[in-house]
Every structure is written in C-alpha cells, then in structure tokens.
1. Go through 274, 289, 316 for me and flag whichever is surrounded by fewer than 19 Cβ atoms within 10 Å (Cβ to Cβ), within 16 Å of the ligand (Cβ to nearest atom), touching a residue at least 24 places away in the same chain (Cβ under 8 Å) and closer than 22 Å to residue 341 by Cα.
2. Just give me the residues in the range 32-52 being free of Cβ contacts under 8 Å to residues at least 60 places away in the same chain, within 16 Å of the ligand (Cβ to nearest atom) and surrounded by 17 or more Cβ atoms within 10 Å (Cβ to Cβ), in sequence order.
3. Yes or no: residue 147 within 15 Å of the chain's Cα centre (by Cα), assigned to a helix (DSSP H, G or I) and assigned by TED's automatic domain parsing to the domain that holds residue 228?
4. Output the qualifying pairs, or none if there are none: Cβ atoms under 6 angstrom, residues six or more apart or on different chains, first residue in the range 227-240 and within 16 Å of the ligand (Cβ to nearest atom), second residue assigned to a helix (DSSP H, G or I).
5. Assigned to a helix (DSSP H, G or I) and buried (at least 22 other Cβ atoms within 10 Å of the Cβ): is that true of residue 136 in this structure?
6. Only one of 309, 297 is away from the ligand (no atom under 16 Å from the Cβ) and either in a strand (DSSP E or B) or out of contact with any helix residue (DSSP H, G or I) (no Cβ under 9 Å at 6 or more places or on another chain) (or both). Can you tell me which?
7. Take residue 65 and tell me if it is within 26 Å of residue 240 (Cα to Cα) and buried (at least 21 other Cβ atoms within 10 Å of the Cβ).
8. Looking at this structure, is residue 218 without any contact (Cβ under 8 Å) to a residue 40 or more places away in the chain, outside any helix (DSSP H, G or I), over 15 Å from the mean Cα position of the chain (by Cα) and farther than 20 Å from residue 328 by Cβ?
Ligand code: MRU
C-alpha cells in the first residue's frame with residue numbers, strides 16, 4: 001500500500017492565512033479547492049456540502065473561528081469577542097446533527113474566553129484549530145488499528161456514505177479501519193452503498209478507495225439485503241455524526257436499515273468515530289436532532305428533475321441506530337463492544 005497516495009486526499013487545508021476546502025460537490029469529476037477568508041462563507045460551505053462529514057465539519061468550523069477573530073480584531077480591536085460570538089452562532093446554525101461542529105466551536109470559545117481583549121488573537125486560535133485538525137488525524141490512525149484488529153483475515157465488508165479522509169481531518173474513520181485492515185491483509189472485498197440522495201458512496205467513497213489502491217464494488221443501497229442474505233458480508237463498517245450517552249448512533253440515512261439487516265443475517269456491525277462525536281449530554285438517540293434537507297435533493301438528480309411533477313419528498317439526512325444493534329463502537333480511547341450507557345460512561349470518564 002502506498003502511504004503517500006493515502007495521505008494525498010485532504011478535504012480541509014489551512015494555507016497562506018486562508019482556509020481551502022475541497023469542493024466535494026464536484027468530485028470525482030473535478031478536484032477544485034475553494035478559498036475562504038470569511039467565517040460566514042465557511043458556514044455556507046458547510047450547509048451546502050462543499051465540506052461534509054462530521055469531523056471535517058468540526059475542523060473547518062475551528063478554522064472559520066480564526067477567520068472570524070481576524071476580521072473582528074481588525075474591525076474593532078477591543079470589542080472583537082462580541083463580534084466573534086455572533087459569527088459562532090452563524091456557524092452553529094450551519095448543520096444540526098454532527099456534534100463535532102458544536103464540540104469544535106465550544107473548544108475555540110473556551111480558549112477565546114481566556115484571551116486578553118486587547119491582543120490580536122489570531123496566532124493562538126490558529127494554533128488551537130491546527131491542534132484540533134492534527135488530533136483528528138491521529139485519532140483516525142489509532143481507530144484504524146483498533147478496528148482492523150476486530151476483523152478476521154479474508155473478511156468482506158460493506159460501508160455506507162463516506163466516512164473517509166474526505167469526511168475528516170484525514171485518513172478517515174470507517175474508511176480508516178478499512179484502509180488499515182486492507183493493508184494488513186484482513187479484507188478481501190469492499191462493497192460501498194451508493195448512498196442516495198447525495199451519492200457520497202458512489203462519488204466519494206469509491207473515488208477515495210481507488211485513490212488508495214483499494215478495489216471497491218458499488219451497489220444501490222436497496223441491494224444490501226440481497227447481498228447479506230447471500231452470505232457475502234462479514235462486517236458493516238460505518239462512521240457517525242453523533243453518538244448518544246447510551247451508545248445509540250446517528251449516521252447517514254440508511255444506516256439503521258443496514259443495522260437491522262446485519263442483525264437479521266448474522267453480520268457484525270461496527271461504528272468508528274472519535275470521542276468528539278460522542279455527546280454525553282444527550283441521553284438517547286431519540287433526542288439527537290435529525291437534519292431535514294431540501295426536498296429538491298430527492299426530487300432531482302445532478303440538477304435535473306427526475307421525480308413526477310407534483311410529487312413531494314421527505315429528506316431526513318440521518319437516522320438513529322439503537323445501541324442494541326451495534327457490535328462495536330471503535331474510538332481513539334478504546335473499543336466498546338455491545339455498547340450501553342455504563343460502558344459509554346467508562347469510556348468517556
Ligand atoms: O451528510 P454528510 O455527507 O455530511 O453525512 C456524513 C456521514 O453520515 C458520515 O458517515 C459521518 O459524518 C461520519 S464521517 C467520518
């Protein structure tokens with residue numbers, strides 16, 4: 001396996017005092033980085049899916065706070081904290097489900113509270129945003145090894161959405177485990193759901209795995225039941241946008257269905273997520289806010305209307321898988337098998 005090929009994919013880059021985001025709406029056809037100098041524009045980029053995936057959203061938001069503080073300090077040096085607080089609120093409204101967004105904003109806010117009001121905050125905040133970014137990559141590499149250790153040689157795996165380098169600071173969560181396990185010779189075959197309506201599987205996961213030299217077979221998610229029934233899958237491996245204190249897992253719409261299918265067919269189900277995705281303030285999955293996105297995303301494909309005129313669409317972006325259907329939650333702090341509230345409390349203590 002070629003390490004440089006793996007690390008070549010960067011969704012979020014800080015370069016020459018600006019934030020660069022790989023425009024994931026254009027992949028795999030075009031690899032275009034958009035430049036950001038204003039935090040409100042980053043908030044829009046998050047809402048509009050230029051950057052997506054829970055940890056990548058958190059890292060982007062942290063850098064956006066640096067942009068907000070720079071602008072606020074230049075405009076009104078002594079009153080910069082109030083101006084940044086307003087920008088933080090705009091960022092917090094960009095997407096509701098991925099808790100990494102709020103986690104990163106809170107971490108930046110806690111630092112802001114400790115800074116003197118009359119000194120330029122940019123260097124200190126940038127160092128913190130870089131730390132958040134680097135810690136995410138390091139966590140993913142740890143989870144890659146921990147998750148791979150659960151996978152027996154010769155396994156066949158199925159993943160959903162994109163939980164790769166594109167969705168994180170780098171390396172990926174679910175795809176990080178798949179990368180590590182592939183390199184260790186534990187995986188024979190990788191299936192990826194195409195993941196309607198944004199097609200993160202077909203456009204992003206397939207591209208990312210192929211960039212890393214890992215062969216991938218795509219399927220419409222409706223094919224998953226048939227595939228599992230045929231005995232072709234050993235593990236379903238997915239990421240998460242928010243994990244509740246009892247181990248319930250919110251992830252891309254369709255994940256819950258895969259978990260039900262996996263249990264029915266004796267297939268194991270692994271969730272890979274850093275501890276920044278665990279929200280101990282939310283007791284159970286039912287309380288996780290689920291983003292409802294524009295019905296146009298379902299009614300249209302690649303900008304063209306495909307649904308019958310007059311049809312309405314329901315478009316929840318995420319669903320919740322009960323902890324009872326999860327075999328393992330893999331984090332950088334350790335692996336929780338058969339998660340429940342007690343085990344999650346010990347993990348996060
Ligand atoms: O709507 P998206 O593309 O942001 O959804 C992403 C997912 O559901 C991922 O599985 C999740 O954020 C984990 S990414 C490591």
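The values are calculated or read from the model by the stated rules, or taken from the named source; none is laboratory data. On a predicted model such as this, the values are computed, not experimentally measured, just so you know. We place every Cβ from the backbone using ideal geometry, glycine too, and count neighbours over all the protein chains shown.
1. 289
2. Answer for the range 32-52, where residues must be free of Cβ contacts under 8 Å to residues at least 60 places away in the same chain, within 16 Å of the ligand (Cβ to nearest atom) and surrounded by 17 or more Cβ atoms within 10 Å (Cβ to Cβ): 42, 43, 45, 46, 50, 51.
3. When the stated conditions are applied, residue 147 does not pass them.
4. 236/258; 236/262; 237/174; 237/177; 238/174; 238/255; 239/174; 240/277
5. Yes, satisfied.
6. Selected residue: 309, the only one of 309, 297 that is away from the ligand (no atom under 16 Å from the Cβ) and either in a strand (DSSP E or B) or out of contact with any helix residue (DSSP H, G or I) (no Cβ under 9 Å at 6 or more places or on another chain) (or both).
7. yes
8. yes
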